[in-house]
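Novice: Sharing a structure, written as structure tokens. Questions coming.
The values are calculated or read from the model by the stated rules, or taken from the named source; none is laboratory data. All figures in this text were calculated on a predicted structure; none of them were measured in a lab. Cβ placement follows ideal geometry from the backbone for every residue including glycine, while neighbour counts extend to all protein chains displayed. Each accessible area value is taken on the protein alone, full model and side chains, heavy atoms only, with ligands, DNA and RNA left out. Shrake-Rupley method; radii C 1.70, N 1.55, O 1.52, S 1.80 Å.
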2 protein chains.
Amino acid sequence: MFKDLLQEVVENTNGAVAGVLMGYDGITVDSYVGSDFGLNVETIGMEYSVVLNQIKQAAEMLDIGAAREVAVQAETLTTVIRLLNDEYFVALAMHPTGNIGKARYLLRTNAEKILETLI
Amino acid sequence: MFKDLLQEVVENTNGAVAGVLMGYDGITVDSYVGSDFGLNVETIGMEYSVVLNQIKQAAEMLDIGAAREVAVQAETLTTVIRLLNDEYFVALAMHPTGNIGKARYLLRTNAEKILETLI
């Protein structure tokens with residue numbers, strides 16, 4: 001069921017190549033990988049889970065409420081992440097030329113569905 | 001001179017409240033704070049410098065080239081960060097309803113000017 005939702009986001013976002021639903025402990029719940037993607041999306045999620053834990057700490061220190069969304073653009077990969085709750089996040093891996101706006105929109109609108117299914 | 005560039009970015013971005021040019025060691029080069037901003041932009045920069053060091057490590061591990069841009073949306077503060085080089089970054093603090101697209105554009109286009117002045 002999660003895979004279907006991840007697939008929906010990946011296939012409807014220009015430039016998206018893979019998505020993963022993961023805990024902040026780096027353990028994957030589910031993932032979906034589109035065609036011709038050279039990286040392991042679970043490895044991406046694991047690396048960013050460390051970053052997200054740091055961001056959650058920073059948000060707490062700064063008293064700016066919960067972190068909801070993170071986007072990182074590197075030279076060959078853009079990653080858009082939606083923090084779902086205290087336990088899980090969804091990360092979408094994209095080509096650098098991909099449509100980040102669409103990615104953010106679809107992650108936000110699908111977050112509710114994923115949360116309902118998670119709980 | 002840096003303050004002028006930071007001011008230009010802050011004042012031309014809807015919802016932006018402050019900007020800081022900082023090293024990844026958390027030491028401020030310069031900052032500009034617009035009116036009615038309750039948080040210390042240097043504290044924001046310092047908290048995110050820890051996050052950015054983690055992101056640089058993740059990018060290296062994943063072999064996705066250098067990280068160029070990071071955006072974090074929390075409930076009451078959005079932060080858009082441009083990583084200038086191996087030493088410095090610029091962080092822009094914004095209201096959550098601010099124009100992230102304009103922030104990214106102005107940070108990218110001003111990055112060159114800031115870099116020229118830094119070196």
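Novice: Checking understanding here: applying a Kyte-Doolittle mean of at least -1.0 and a length along the axis of at least 18 Å (C-alpha), which whole DSSP H helices in chain B pass? Before the final figure, lay out the partial values.
Specialist: Numbers: long enough: B:41-62 (30 Å, 0.39); B:100-118 (25 Å, -0.14).
Membrane-span-like by this rule: B:41-62, B:100-118.
Novice: Let me know the mean shielding of B:77-83 by other chains, meaning the per-residue number of their Cβ atoms within 10 Å of its Cβ.
Specialist: Details: counts 6, 3, 6, 1, 1, 1, 3.
Per residue, the number of nearby Cβ atoms from other chains is 3 on average.
Novice: Suppose all protein chains stay in the model; what accessible area per residue would a 1.4 Å probe give for the stretch A:77-119, in Å²?
Specialist: Values: 1970 Å² over 43 residues.
Spelled out: the 1.4 Å probe surface of the stretch A:77-119, per residue, equals 46 Å².
Novice: Restricting to DSSP H runs of at least four residues, report the calculated mean residue ellipticity at 222 nm for chain B, -39500 (n - 2.57) per run over all residues, nearest 500 deg cm²/dmol. Mind dumping the intermediate values first?
Specialist: Working: 3 runs with 51 residues, N = 119.
Calculated at 222 nm, the ellipticity per residue is -14500 deg cm²/dmol.
Novice: Taking the Cα centre of the protein assembly as shown as origin and charging only Cβ (+1 Lys, Arg; -1 Asp, Glu), how large is the dipole, in debye to the nearest 20?
Specialist: Working: 16 positive and 32 negative charges, 112 e Å.
Using Cβ point charges on Lys, Arg, Asp and Glu, the protein assembly as shown gives about 540 debye.
Novice: P(r) for the protein assembly as shown, please, calculated from all Cα pair distances in 10 Å bins and given in %.
Specialist: 8, 35, 36, 17, 4, 0
Novice: How far is residue A:85 from itself in the other copies, in nm, if each label sits 7 Å out from Cα along the Cα-Cβ line, shortest first?
Specialist: 4.7
Novice: Round to the nearest 0.05 the FRET efficiency obtained for residue B:30 and residue A:112 when R0 = 41 Å and r is the Cβ-Cβ distance. Before the final figure, lay out the partial values.
Specialist: Numbers: r = 42 Å, r/R0 = 1.02.
Step by step, r from the Cβ atoms, then E = 0.45.
Novice: Can I ask one more? Pick from A:45, A:23, A:101: which residue has the top mean-square fluctuation in a GNM of chain A where Cα pairs under 10 Å get a spring?
Specialist: A:101
Novice: Considering only protein heavy atoms and a 1.4 Å probe, what is the carbon-and-sulfur percentage of the accessible area of chain A? Kindly include the intermediate steps, with their values, before the conclusion.
Specialist: Numbers: 2530 of 5390 Å².
About 47 percent, which is the carbon plus sulfur part of the accessible surface.
Novice: Taking every residue in B:43-52, how many Cβ atoms of other protein chains lie within 10 Å of its Cβ, on average?
Specialist: Numbers: counts 3, 4, 0, 3, 9, 4, 1, 5, 10, 3.
The mean count of partner-chain Cβ atoms within 10 Å per residue comes to 4.
Novice: Ok, one more. Based only on Cα atoms, what mean projected area does the convex hull of the stretch A:48-119 have, in nm²? Before the final figure, lay out each step's value.
Specialist: Values: hull surface 20.5 nm².
About 5.1 nm², averaged over all directions.
Novice: Here is a follow-up. Let's test the formula: R0 of 35 Å, r as the Cβ-Cβ distance of residue B:105 and residue A:60. What FRET efficiency results, to the nearest 0.05? Please report the intermediate quantities before stating the final value.
Specialist: Values: r = 30 Å, r/R0 = 0.86.
In this case the efficiency is close to 0.70.
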